[in-house]
Amino acid sequence: MKMACLGQVTPRPPVWFMRQAGRYMEEYRKLRQKYSFMALCHEPDLACEITLQPLKKFNMDAAILFCDILVTAEALGADLDIVENKGPVIQNPVSNQSDLDKLVNCEDALNRLRFVETTLKALRAELGEEKALLGFAGAPFTVASYLIEGGSSKHIAKSFRMIQESPELFSALLEKLTDLTIAYVTMQRSQGVDAVQIFESWASLLPADIYLKHVFPHLKRLITELHDPEQPLILFALANDNLWKVFQDLPVHVLSIGPDVSLRQFQGKAVQGNLDPRWLLCPKDLALEKANQLLHDMRGSEGYIFNLGHGILPQTSPENVHALVDLVLHSA
Ligand code: CP3
């Protein structure tokens with residue numbers, strides 16, 4: 001994993017999947033009957049167990065911490081719940097300066113994230129050095145969009161308006177999230193993670209000119225301050241080719257690309273992706289045919305990590321996941 005992150009050709013690509021632990025697995029659903037999603041994140045023993053479920057069953061090369069990008073928002077004071085069939089809901093969204101002032105300072109917020117440190121310590125001990133351990137965090141804007149909207153939103157209209165009407169407020173919120181995220185990733189690294197993935201999932205929800213002016217400087221600061229040649233950063237985004245051309249110059253080791261963008265255009269950087277997760281909902285042979293095409297296209301490239309272009313969908317059949325992991329493991 002680390003070799004691929006550092007841009008080396010590997011006999012076969014390492015493989016893991018975004019959302020590899022989750023509702024498509026019976027083992028996960030069983031635990032979810034007893035505990036809320038947030039309770040599973042907060043309890044290190046359970047988070048550790050869930051993180052390892054997919055590796056035990058399918059033998060991926062990397063474990064990704066079981067948690068959520070919104071724990072940074074929660075640590076700052078967001079009253080967060082993940083509601084069945086609805087997704088995240090935040091009861092006290094940030095819409096003015098007084099809401100922003102109510103958020104706690106970064107040091108206190110970081111202390112509320114200590115449960116992640118405990119989970120990672122247990123995971124590193126369990127995994128040994130054979131399997132990679134991945135940490136992650138939400139990028140400031142993707143997390144801010146939930147804090148401002150109060151939940152998932154297709155059009156992020158409140159965020160759009162805040163940028164126009166109160167650009168200083170928007171910027172101060174992103175600044176605060178950036179500071180916390182730098183400290184949070186640093187804490188994760190102190191537990192020996194092999195790489196950290198930054199999720200800028202909603203980059204494409206803003207017009208590119210607005211994104212570049214009001215959001216990108218914060219993402220750039222996050223990544224520049226976290227840059228370390230020995231500690232790989234993976235940047236995941238759903239973005240178009242033009243935005244990726246800009247992201248390409250950031251000092252990250254790996255670009256994790258969404259399903260609709262060609263991986264081959266990014267010479268000089270490791271890439272991760274990008275099988276459309278919907279192929280895994282199709283008959284197995286069809287899913288494997290598409291995966292084989294991708295493996296063939298990427299053969300010999302310097303630094304390639306096999307993944308989906310976005311998270312595994314809850315309806316996915318575990319049998320197809322098994323077959324896909326096996327295909328990549330035997331593709332040398
Ligand atoms: O990849 C992994 O397996 C690690 C764990 C992980 C989760 N969420 C678990 C989760 C990671 C890395 C995330 C990231 C995340 N969370 C993102 C960025 C990635 C992306 O998908 O674009 C975003 C936008 C969120 C916010 C979030 N959390 C949403 C929108 C939802 C609801 C949508 C859904 O799938 O239900 C969640 C809840 C969530 N996060 C679940 C899981 C396993 C489902 C919770 C449940 O069991 O009900």
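The values are calculated or read from the model by the stated rules, or taken from the named source; none is laboratory data. None of these values were measured; they are calculated from a predicted model. Note: ideal-geometry Cβ built from the backbone for every residue, glycine included; neighbour counts use all protein chains shown. Note: areas computed on protein heavy atoms with side chains; ligands, DNA, RNA excluded. Shrake-Rupley method; radii C 1.70, N 1.55, O 1.52, S 1.80 Å.
Within region 73-94, how many residues are open to solvent by 80 Å² or more (accessible area, probe 1.4 Å), at pLDDT 95 or above and over 13 Å from M38 (Cα atoms)? So the count comes out to 1. Pairs are defined by a Cβ separation below 8 Å, a sequence spacing of at least 6 or placement on different chains, a first member in region 207-225 that is over 17 Å from A144 (Cα atoms), and a second member that is modelled with pLDDT under 95 and outside any helix (DSSP H, G or I); the pairs so defined are A208/N240. Checking each residue of region 22-31 against the condition of being open to solvent by 20 Å² or more (accessible area, probe 1.4 Å), near the ligand (Cβ under 10 Å from one of its atoms) and without any contact (Cβ under 8 Å) to a residue 12 or more places away in the chain gives at least one match. Determine whether region 47-62 contains at least one residue that is in contact with a His (Cβ under 8 Å, 6 or more places away or on another chain), touching a residue at least 24 places away in the same chain (Cβ under 8 Å) and among the hydrophobic types (A, V, I, L, M, F, W, C). Yes: region 47-62 contains one or more residues that are in contact with a His (Cβ under 8 Å, 6 or more places away or on another chain), touching a residue at least 24 places away in the same chain (Cβ under 8 Å) and among the hydrophobic types (A, V, I, L, M, F, W, C). Is it true that L133 is open to solvent by less than 40 Å² (accessible area, probe 1.4 Å), touching an Asp or Glu at 6+ places or on another chain (Cβ under 8 Å) and at negative phi? So L133 passes the test. State which residue is nearest to N111 (Cα to Cα) when the search covers only region 136-171 and only residues that are open to solvent by 10 Å² or more (accessible area, probe 1.4 Å) and of a type in the set (S, T, N, Q). Taking the candidates together, the pick is S171.
Return yes or no: is F17 more than 29 Å from I148 (Cβ to Cβ) and within 11 Å of the ligand (Cβ to nearest atom)? Against the criterion (more than 29 Å from I148 (Cβ to Cβ) and within 11 Å of the ligand (Cβ to nearest atom)), F17 qualifies.
Looking at L222, L233, L174, just one residue is of a type in the set (A, V, I, L, M), closer than 15 Å to L255 by Cα and surrounded by 15 or more Cβ atoms within 10 Å (Cβ to Cβ), and that residue is L233.
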